[in-house]
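For reference, the structure is listed below as structure tokens.
The values are calculated or read from the model by the stated rules, or taken from the named source; none is laboratory data. No experiment lies behind these values; they were computed from the predicted model shown. Neighbour counts are summed over all protein chains in view; Cβ atoms, including those assigned to glycine, are modelled from backbone coordinates with ideal geometry. The protein model used for the area step is the full one, side chains on, heavy atoms only, and it has no ligands, DNA or RNA in it. Shrake-Rupley method; radii C 1.70, N 1.55, O 1.52, S 1.80 Å.
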Amino acid sequence: MFESLTEKFDRAFKLLKGQGHITEINVAETLKDIRRALLDADVSYKIAKTFTETIKEKALGRNVLTAVSPGQLMVKIVHEELSLLMGSENTEINLKGSPAIILIAGLQGSGKTTFSAKLANYLKSKKGKKVLLTACDVYRPAAIEQLKVLGEQIKVEVFSEIDSKEPVSIAKKAVIHAKNMGHQVVIIDTAGRLAIDAQMMDEISNLKKALNPQEILFVVDAMTGQDAVNTANAFNERLDYDGVVLTKLDGDTRGGAALTIRAVVDKPIKFVGVGEKMEAIDLFHPQRMADRILGMGDIVSLVEKAQEQFDEVEARKLQQKIAKNQFGFDDFLAQLQQIKKMGNVKDLVSMIPGMGKAIKDMDIEDDAFKGIEAIIYSMTPHERKNPTILNGNRRKRIAEGSGTSIQEVNKLVKQFEDTRKMMKMMSGGEGKMKNIMRAMSGMKR
Amino acid sequence: MGLFDIFSKNKEEKLKEGLSKTRETFLGKIGKAIIGKSSVDADVLDNLEEALVTSDVGVETTLRIIERIESRVAKDKYVGADELNRILKEEISSLLLENKSAGINQFANSDMPKPYVIMVVGVNGVGKTTTIAKLANKFTQAGKKVVLGAADTFRAAAVGQLKIWAERANVPIVELGMGADPASVAYDTVEYANKNNIDVVIVDTAGRLHNKTNLMNELSKIKRVMNKIIPEAPHEILLVLDGSTGQNAFEQAKQFTSATEVNALAITKLDGTAKGGVVIGISDQFKIPVKYIGVGEGIDDLQLFDREAFVETLFERL
């Protein structure tokens, strides 16, 4: 659905070859594309508008360096601005107070209960805190039970009063209980509520008044659309919350709501939820979010990471090998190792422009390469250099040696052949590979 | 009020009330777009674009609507604000018509296969379980015997949640506890329906993000297993979308459809959001009809989606 912004920009600038800097005329089309990309990512309409205005001002008159295409320069400017807006690096949560009270608020289905448990788990395992979870969602059927089950999973005590319909009184009792039992942090899970539900909003602000929490976190679904601006504002007016939690980021949403919220309430995003497991909680990285919203493939980080890891001489050798069709399993292995050094594989691959979509449906685990490595290690050096000699017998031996199946070996050989073909194709002439390389060298800082 | 024939007064009121947030903002925005304007110029179209985009109609559909209006304005030599409203209403209505988001006018039809099997799918937190409870209630009110299948065996306390709803709606539930194989639960539920002369089977499934391949495959498996008892089952694969979701709703519709042949949509939480627009966008881009809309937290707050009524409600008082 979304093609890479860089490509769009480059196309928009194609007509301008030879122009040395960005002018009002040649920037208009690009700005339209940026605005569209932001809207497609659910950034609020007004913010998308002001944002493109800012970009325009920053871009006008900038000289285009020879090494960088105007499109790339635009991406860089947009990226810088976005990162700026997303805020500086992570803001810690406030755990002062004995106990420290953390109040969780948000709409229905945003993921409050799951997040509460994840946060408890995080504080317990990463910060060594003794945590008490408190079930104050007295409305949704089985909400209390849900928190209890999660509490059991992570071995954190859950305070609840099954028959009480009074969140304030439950919470107060929980705090007393925490004091008596030496809990250092109390996390209060609350019911989901609509910002327009006056009664429920009164309830949550009463909770705030009664508890005087160190930290109020507003939990919001990363997939939220244009309404994010209203919701974030409405909750902020009532609660003046301290931070935002962005959930369900493991989906494929671009998460423009994050930008909207940052821009309208100016509160830091403190955590992100990235899965259903209790460990699937992450600190917020503004840079990454900026990249994601642009959906441009994280070119900037890729360039940086590649520069760190990529040995240019090696690269040239590799290209020659590819050109001569001498690319063997050893080289393949070396490539894998390089990629692994760079970090999370899926993240990495999705950084390559155009690849995000291709791998979206794949479940790439971090140890995705384990099987592949085992197979390659089970090949003889000769086989690695000359993959064509891999006949049935050899494959069978390799499968046994690597503890995999013959199908897996076949699959890898097939994939390898495909890769080889693709690389050969790319290395020739005006291929994409060359563009990527150029992009990389062009964006050195 | 001929248009509202199929709504009793009461339901109609509820729809209006439920959509009041949508309507107010949608109207407000469109009102602002054309206030004090005597003709459609670039400004009006810009403002109209803003009104549509901020209602989550989506950029693509917005552009399509604007284009249609532009060409009609050129042809019809547009005059004033009333005219623009009429044109806009017609265009939105025809978008919904192309999608066939109408047709059904009651929860239970006499020609429904028996048992009629509904499998409910969607991402996490969109309101699947609540929608199921409301559906069970509606079908029961229509004189149908309903059974629920608790095939969300993954999320903590999901089975417990559905059980409570089943009690409230006074319908039986088939469950194998947490952690059970969802396909087995679905199978047992359909089997139970066959044995107990049940009219409607509603199977809950765990929320899953549409980009998780394994979980999406699981849905196909649940479906296959029900096939074994009733070849046509599930007759309805209902994708539940959160009305406050933005452009990702389109991606959800696309992915779930390709994994499980979704043939009906329910849009929930339309009471809290200004974004009824997602209904328009989804209808424009998908051939799957919007069948139900959720407009509140009460067990009665589920409506059959009626295109005419929806558009009327959006534009009322203009």
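The table below lists the values:
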{"item": "For B:Gly149, residues with placed amide H under 5 Å, excluding near neighbours", "result": "B:Val174, B:Ile202, B:Val203, B:Asp204"}
{"item": "Peptide B:120-127 - average C-beta neighbours from other chains (10 Å radius)", "result": "5"}
{"item": "Between the stretch A:89-154 and the stretch A:280-295, the alpha-carbon center distance in angstrom", "result": "22"}
{"item": "Which listed pairs, of A:Lys49/A:Lys112; A:Lys49/B:Lys287; B:Lys114/B:Lys144, have C-alpha distances above 22 Å, in listed order", "result": "A:Lys49/A:Lys112; A:Lys49/B:Lys287"}
{"item": "Flagged links, alpha-carbon separation over 31 Å, of A:Lys414/B:Lys228; A:Lys208/A:Lys248; A:Lys58/A:Lys118; A:Lys32/B:Lys89; A:Lys118/B:Lys128; A:Lys130/A:Lys209", "result": "A:Lys414/B:Lys228; A:Lys58/A:Lys118"}
{"item": "Ranked by how many other beta carbons lie within 10 Å on average, peptides A:49-59, B:198-208 from highest", "result": "B:198-208, A:49-59"}
{"item": "The stretch A:198-288, dipole about Cα centre (Lys/Arg Cβ +1, Asp/Glu Cβ -1), debye to the nearest 20", "result": "180"}
{"item": "Interface residues, the stretch B:143-162 - accessible area loss of 30 Å² or more versus chain alone, probe 1.4 Å", "result": "B:Phe154, B:Arg155, B:Ala156, B:Ala157, B:Gln161"}
{"item": "For B:Ile237, residues with placed amide H under 5 Å, excluding near neighbours", "result": "B:Met119, B:Asn263, B:Ala264"}
{"item": "Occluded residues from the stretch A:223-239, i.e. those whose accessible area drops by 50 Å² or more once the chain is not alone (1.4 Å probe)", "result": "A:Met223, A:Gln226, A:Asp227"}
{"item": "Among the listed pairs A:Lys124/B:Lys212; A:Lys126/A:Lys155; A:Lys165/B:Lys163; A:Lys96/A:Lys124, those beyond 23 Å (Cα-Cα)", "result": "A:Lys124/B:Lys212"}
{"item": "Shielding of A:193-199 by partner chains, average beta-carbon count, 10 Å", "result": "3"}
{"item": "Using θ = phi - 60° and Karplus 6.51 cos²θ - 1.76 cosθ + 1.60, couplings along the stretch A:169-179 (whole Hz; Gly, Pro as x)", "result": "5, 4, 5, 4, 5, 4, 5, 4, 4, 4, 4"}
{"item": "GluC sites (Glu not before Pro) restricted to DSSP loop in the stretch B:167-201 with at most 14 other C-beta within 10 Å", "result": "none"}
{"item": "In sequence order, calculated HN-Hα J values of the stretch A:242-259 (Karplus, 6.51, -1.76, 1.60; Hz; x Gly/Pro)", "result": "9, x, 10, 10, 9, 9, 6, 6, 7, x, 9, 5, 7, x, x, 4, 4, 5"}
{"item": "Accessible solvent surface per residue of the stretch A:194-273, calculated while the other protein chains remain in place, 1.4 angstrom probe, Å²", "result": "28"}
{"item": "Chain pair A, B: total accessible area buried, heavy atoms, 1.4 Å probe, Å²", "result": "3700"}
{"item": "Buried on assembly, the stretch B:214-246 (at least 30 Å² less accessible surface than by itself, 1.4 Å probe)", "result": "B:Ser244"}
{"item": "Burial ranking of peptide ranges A:221-227, A:178-184 (average Cβ count within 10 Å, highest at the top)", "result": "A:221-227, A:178-184"}
{"item": "Placed amide H near A:Gly106: partners under 5 Å, 5+ positions off or other chain", "result": "A:Arg193, A:Val219"}
{"item": "From phi via Karplus (6.51, -1.76, 1.60), per-residue ³J(HN,Hα) for the stretch B:48-61 in Hz, x at Gly/Pro", "result": "5, 4, 4, 4, 6, 4, 6, 9, 6, 5, x, 4, 4, 5"}
